[in-house]
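Below is one structure; the comments refer to it alone.
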Amino acid sequence: MKKSTIILIAIVVVIFLMISSAVGKYNNMVTLEEGVDASWAQVENVYQRRADLIPNLVATVKGYAEHEQETFTAVTEARSKVNNINVEGIANNPQALQNFQAAQGQLSSALSRLMVVVEKYPDLKANQNFLDLQTQLEGTENRIAVERNRFNKSAQGYNTIIRRFPGSIYAGMFGFERKAYFEADAGSEIAPQVEF
């Protein structure tokens, strides 16, 4: 074989290996990004479940505690605020995710106030419909925590791949962007003071 033929074959092999590597990295990034998107969809799903339970819970409590209108209004407004947030592309935008998280926190706070109202009404606490709704809501809150954790893990795996060399080069070439994480609320690292 001629020397020029050997060089040409070597160049073709190198180009083939580079293209194969790029295709493999690209496909891996697509797979991981789809995993993040699927995790985000599941987070949305459990938040939607909570939003769907709230009207039933409020209606049940209203029947017992008609004069607690301020609390009902706070829950309804917080739920409305959460439902009005555009979640499209939120996983790519740390500020949008933080706003979403803040709105969810306000809803959680309003629900906590609603549960305080419930404590004043022993008949309500014994009502089977209320107990069922409360159990479903507690289960949903646990699901939210689990799904947020899964989302953060899938975002971490994806973010790691697109930041490592040579993945960072391919990520830049193909437009893969870092995903945001759910973070703890400000001040949650400080344990609450419990006094009796």
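The values are calculated or read from the model by the stated rules, or taken from the named source; none is laboratory data. Note that the structure is predicted; figures quoted are calculated from it, not measured. Glycine gets a Cβ as well: all are built from the backbone with ideal geometry, and neighbour counts include every protein chain shown.
Evaluating residue 86 against the criteria (1) assigned to a helix (DSSP H, G or I); (2) within 25 Å of residue 32 (Cβ to Cβ) leaves one unmet condition, (1). The set of residues from the range 132-151 being within 13 Å of the chain's Cα centre (by Cα) and within 10 Å of residue 50 (Cβ to Cβ) comprises 141, 143, 144.
Of the helices (runs of 4 or more DSSP H) contained entirely in the range 106-196, those carrying at least 3 residues that are hydroxyl-bearing (Ser, Thr, Tyr) and at pLDDT 85 or above fall at 128-163.
Pairs meeting the criteria (first residue in the range 11-32 and closer than 13 Å to residue 166 by Cβ, second residue outside any helix (DSSP H, G or I), beta carbons under 6 Å, at least 6 apart or on different chains) are 29/176. Condition (residue is under 23 Å from the mean Cα position of the chain (by Cα), closer than 30 Å to residue 172 by Cβ and touching a residue at least 12 places away in the same chain (Cβ under 8 Å)) applied to the range 59-81: is it met by at least one residue? So far as the range 59-81 goes, no, none of its residues is under 23 Å from the mean Cα position of the chain (by Cα), closer than 30 Å to residue 172 by Cβ and touching a residue at least 12 places away in the same chain (Cβ under 8 Å).
Just so you know, in the range 52-91 the residues that are polar (S, T, N, Q) and surrounded by fewer than 18 Cβ atoms within 10 Å (Cβ to Cβ) include one that is modelled with the lowest pLDDT, and it is 69.
Would you point out the residue of the range 124-152, among those that are in contact (Cβ under 8 Å) with a residue 40 or more places away in the chain and over 30 Å from residue 59 (Cα atoms), that is surrounded by the fewest Cβ atoms within 10 Å (Cβ to Cβ)? Checked the range 124-152; the qualifying residue surrounded by the fewest Cβ atoms within 10 Å (Cβ to Cβ) is 150.
Scanning the range 30-51 for residues that are buried (at least 17 other Cβ atoms within 10 Å of the Cβ) and farther than 30 Å from residue 77 by Cβ yields 32, 33, 35, 36. Residue count for the range 50-76 satisfying the condition of being more than 14 Å from residue 116 (Cα to Cα) and assigned to a helix (DSSP H, G or I): 12.
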